[in-house]
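Reviewing the structure listed below.
The values are calculated or read from the model by the stated rules, or taken from the named source; none is laboratory data. What you are looking at is a predicted structure, and each value in this text was computed from that prediction instead of being measured. Don't worry about glycine lacking a Cβ; one is built from the backbone with ideal geometry, like all the others, and counts go over all protein chains shown.
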Amino acid sequence: MPGPSAGEVSDRALVLYAAVASGMVAMAHGNDLGGSLRYPASACGLFALKPTRARNPLGPEYGDALGGNAAEHALTRSVRDSAALLDATAGPALGDPYWAPPPAGRFIDEVGADPGRLRIAFTSRTADGSPGHTDCVAALDDAVALCESLGHHVVDLQLPEITPEVGAAIGTGFSAATAWIIAYWTRRLGREPGPGEIEPLTRAFWEAGRQVSAADYLLAVEDTQAYTRRVAEFFTGVDAWLTPTLSEPPAPLGEIVSTEAEPLRALERGGRTVAYSGVIANITGQPAMSVPLWWNDSGVPIGVHFLGRFGDEATLIRLAAQLETAQPWAGRRPAVHAARPREP
């Protein structure tokens, strides 16, 4: 299909995120189907909020994407900018298939508001029970200590397990979504993609997705919705759940790459960096955020991730603003930065 490949689109998104980190622009749009706002935010030392399902409308082009798993928002340097943008873009729009619970007020007014004493659960264990990279665990320990110093009640507690059935359902959904995307553009352009027009991993997902029946997809939806109810029950006892955003520091360029001979290579290598399952926020529809509180000894940012209650961006924004005040990050600059040099 004409136009950029999936890889080129991803590369352009990363350039935009780097532009925010470098101070060239204040924010950059992104979407999040499994962590694609929060993961690069962690790697770039930026703040990213993934809103509640249907908070930002997807029309007029789409009603939803993969049953509402996809969300639109942006990466920003400050909590304030993210909240102000959400006020400007939040729906509902006419004809939306469903709406998010209306907020109590403006999101920008939550910045600086007292979050109260929150109940925050946390874990250093990834979805399979193994520990994350020592740098990521150190970032978590720093965040736990900061939250406790701010008066929050913090307890080590794991989210309900992602069972093999739920994991398989998530995979079925992503394969079906890839097949839908290719079918969408095939219908728009009047032809299927030719050789070299999509990346090997995308082609592998497309081929798998074409084998998913309607019944398979609806069974996968049922399994993920059942998991969503278990997570919702968990959140009757806590206000937020805290983990590292990534399970490893960002991989060097060129490592997470597929080839025609090894189409799943990027999935297997990339999976090691996202073992804390940011996709949970997508399948449950809950808001989540990556907060840049810590940098390792090499100067690489390592974000921490908070999952909030459905419809409750307000609590996350209040908490994020409190953390930003206590441990500011917006003034940190990478080696290459667009701002004027500091005065000696």
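In the range 16-34, how many residues are assigned to a loop (DSSP other than H, G, I, E, B) and surrounded by fewer than 16 Cβ atoms within 10 Å (Cβ to Cβ)?
3
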Failed condition for N56, given (1) among the polar types (S, T, N, Q); (2) in contact (Cβ under 8 Å) with a residue 40 or more places away in the chain; (3) part of a loop (DSSP other than H, G, I, E, B), with all others met?
(2)
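Residues of the range 242-271 being outside any loop (DSSP other than H, G, I, E, B) and either of a type in the set (S, T, Y) or under 20 Å from H133 (Cα atoms) (or both), which ones?
Of all residues in the range 242-271, those outside any loop (DSSP other than H, G, I, E, B) come to 242-244, 265-271.
Matches in the range 242-271: L242, T243, P244, A266, L267, E268, R269, G270, G271.
Per-residue answers, yes or no, for (1) among the β-branched types (V, I, T); (2) surrounded by 14 or more Cβ atoms within 10 Å (Cβ to Cβ):
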position	(1), (2)
G254	no, no
V257	yes, yes
H305	no, yes
F310	no, yes
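Can you tell me which residue within the range 127-144, out of those that are more than 23 Å from A320 (Cβ to Cβ) and modelled with pLDDT of 95 or more, is surrounded by the most Cβ atoms within 10 Å (Cβ to Cβ)? Quick ask: steps written out before the conclusion?
Keep residues of the range 127-144 that are more than 23 Å from A320 (Cβ to Cβ), which gives 127-131, 133-134.
Filter again for modelled with pLDDT of 95 or more, leaving 133-134.
Details: H133: 19, T134: 10.
The residue in question is H133.
Before we move on, is G68 in contact (Cβ under 8 Å) with a residue 12 or more places away in the chain, in contact with a Lys or Arg (Cβ under 7 Å, 6 or more places away or on another chain) and in a loop (DSSP other than H, G, I, E, B)?
Working: in contact (Cβ under 8 Å) with a residue 12 or more places away in the chain: yes; in contact with a Lys or Arg (Cβ under 7 Å, 6 or more places away or on another chain): yes; in a loop (DSSP other than H, G, I, E, B): yes.
Yes.
Could you tell me whether any residue of the range 216-235 is farther than 24 Å from G67 by Cβ and not β-branched (V, I, T)?
no
In the range 280-301, which residue that is polar (S, T, N, Q) and assigned to a loop (DSSP other than H, G, I, E, B) is surrounded by the most Cβ atoms within 10 Å (Cβ to Cβ)? Explain how you work it out, then say what you get.
Filtering the range 280-301 down to residues polar (S, T, N, Q) leaves 282, 284, 286, 290, 296, 298.
The next check asks that each one be assigned to a loop (DSSP other than H, G, I, E, B); those that pass are 286, 296, 298.
Numbers: Q286: 26, N296: 15, S298: 7.
My answer is Q286.
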Within the range 109-116, identify whether any single residue is at negative phi, within 22 Å of the chain's Cα centre (by Cα) and charged (D, E, K, R), and answer yes or no.
yes
Scanning the range 147-168 for residues that are hydrophobic (A, V, I, L, M, F, W, C), in contact with a Phe, Trp or Tyr (Cβ under 8 Å, 6 or more places away or on another chain) and not in a strand (DSSP E or B), the one nearest to G67 (Cα to Cα) turns out to be V166
Subset of the range 184-218 (residues that are farther than 24 Å from S258 by Cβ and either hydrophobic (A, V, I, L, M, F, W, C) or touching a strand residue (DSSP E or B) at 6+ places or on another chain (Cβ under 6 Å) (or both))
A214, A215, L218
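Would you check which residues across the range 226-264 are of a type in the set (D, E, K, R), closer than 22 Å to P40 by Cβ and touching a residue at least 24 places away in the same chain (Cβ under 8 Å) and list them?
Of all residues in the range 226-264, those of a type in the set (D, E, K, R) come to 229-230, 233, 239, 248, 255, 260, 262.
From what's left, closer than 22 Å to P40 by Cβ: 248, 255.
Hit for the range 226-264 is E248, nothing else.
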Restricting the range 163-205 to residues that are in contact with a Ser or Thr (Cβ under 6 Å, 6 or more places away or on another chain) and surrounded by fewer than 20 Cβ atoms within 10 Å (Cβ to Cβ), the one nearest to T284 (Cα to Cα) turns out to be P200
